[in-house]
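Colleague: Sharing a structure here in structure tokens format.
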Amino acid sequence: MISRQHRFRGYSSLKYVYKNGTIVRGPLFAVKAIENPKRGSYRLAVVVSRKVNKSAVARNRIRRRLYEAVRQLEADILRPYDIVLTVFHSSVLEEPAQSLAAQVKKQLSEAGVLAKRVR
């Protein structure tokens, strides 16, 4: 789970990301992100609708899995971004952790959130 300083509070900040953010859509979820210079670090929200899964337990498990995938990439997020992951497929529950982490990394890179590593 990510720390409290990296979580959204309030709906108005989410509205700003939805209105102005850039979107990268994948097979399981979409990433919407925008840089926020007013903050010191990134903020993340995972949105899972009841249409995805009726069970609150399953929706919370999806949310926790995605929070953990982003937490592992925390060192690569160098600038303060507001990030919203919108899940639209319930197969995130059965997806292997490594595959899910790779998908998150790919979409965050495409959105320009992750720093480019020089080898």
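Colleague: Would you pick out the residues in segment 1-58 that are more than 11 Å from Thr86 (Cα to Cα) and among the polar types (S, T, N, Q)?
Modeller: Matches in segment 1-58: Ser3, Gln5, Ser12, Ser13, Asn20, Thr22, Asn36, Ser41, Asn53, Ser55.
Colleague: Please work out if Leu73 is in contact (Cβ under 8 Å) with a residue 40 or more places away in the chain and out of contact with any Ser or Thr (no Cβ under 6 Å at 6 or more places or on another chain). Please lay out each step first, then the result.
Modeller: On the way: in contact (Cβ under 8 Å) with a residue 40 or more places away in the chain: yes; out of contact with any Ser or Thr (no Cβ under 6 Å at 6 or more places or on another chain): yes.
Against the criterion (in contact (Cβ under 8 Å) with a residue 40 or more places away in the chain and out of contact with any Ser or Thr (no Cβ under 6 Å at 6 or more places or on another chain)), Leu73 qualifies.
Colleague: If a residue has to be more than 11 Å from the chain's Cα centre (by Cα), hydrophobic (A, V, I, L, M, F, W, C) and not in a helix (DSSP H, G or I) to count, how many in segment 84-107 make the cut?
Modeller: 2
Colleague: Kindly provide the set of residues from segment 1-47 that are touching a Phe, Trp or Tyr at 6+ places or on another chain (Cβ under 7 Å), outside any strand (DSSP E or B) and farther than 28 Å from Pro96 by Cα, ordered by number.
Modeller: Leu14, Asn36
Colleague: For the condition surrounded by 13 or more Cβ atoms within 10 Å (Cβ to Cβ) and either modelled with pLDDT under 95 or touching a Pro at 6+ places or on another chain (Cβ under 6 Å) (or both), what is the one hit in Val92, Val87? If you could, list the steps in order and put the result at the bottom.
Modeller: Working: Val87 fails: either modelled with pLDDT under 95 or touching a Pro at 6+ places or on another chain (Cβ under 6 Å) (or both).
Val92 is the lone residue from the list that is surrounded by 13 or more Cβ atoms within 10 Å (Cβ to Cβ) and either modelled with pLDDT under 95 or touching a Pro at 6+ places or on another chain (Cβ under 6 Å) (or both).
Colleague: Within segment 49-65, work out how many residues are outside any loop (DSSP other than H, G, I, E, B) and either within 24 Å of Gly112 (Cβ to Cβ) or in contact (Cβ under 8 Å) with a residue 40 or more places away in the chain (or both). Outline the logic, then answer.
Modeller: First pass over segment 49-65, keeping only residues outside any loop (DSSP other than H, G, I, E, B): 56-65.
Within this subset, residues satisfying the condition of being either within 24 Å of Gly112 (Cβ to Cβ) or in contact (Cβ under 8 Å) with a residue 40 or more places away in the chain (or both) are 63-65.
Total meeting the criteria: 3.
Colleague: Give Glu110, Glu68 a once-over and let me know the one that is in contact with a strand residue (DSSP E or B) (Cβ under 8 Å, 6 or more places away or on another chain), part of a helix (DSSP H, G or I) and surrounded by fewer than 17 Cβ atoms within 10 Å (Cβ to Cβ).
Modeller: Checking each option against the conditions leaves just Glu110.
Colleague: Filter segment 1-40 down to the residues that are surrounded by 17 or more Cβ atoms within 10 Å (Cβ to Cβ) and over 23 Å from Val52 (Cα atoms), then identify the one that is farthest from the chain's Cα centre (by Cα).
Modeller: So the residue we want is Asn36.
The values are calculated or read from the model by the stated rules, or taken from the named source; none is laboratory data. The structure displayed is predicted, hence computed values, not measured ones. Cβ: placed from backbone, ideal geometry, glycine included. Neighbour counts: every protein chain shown.
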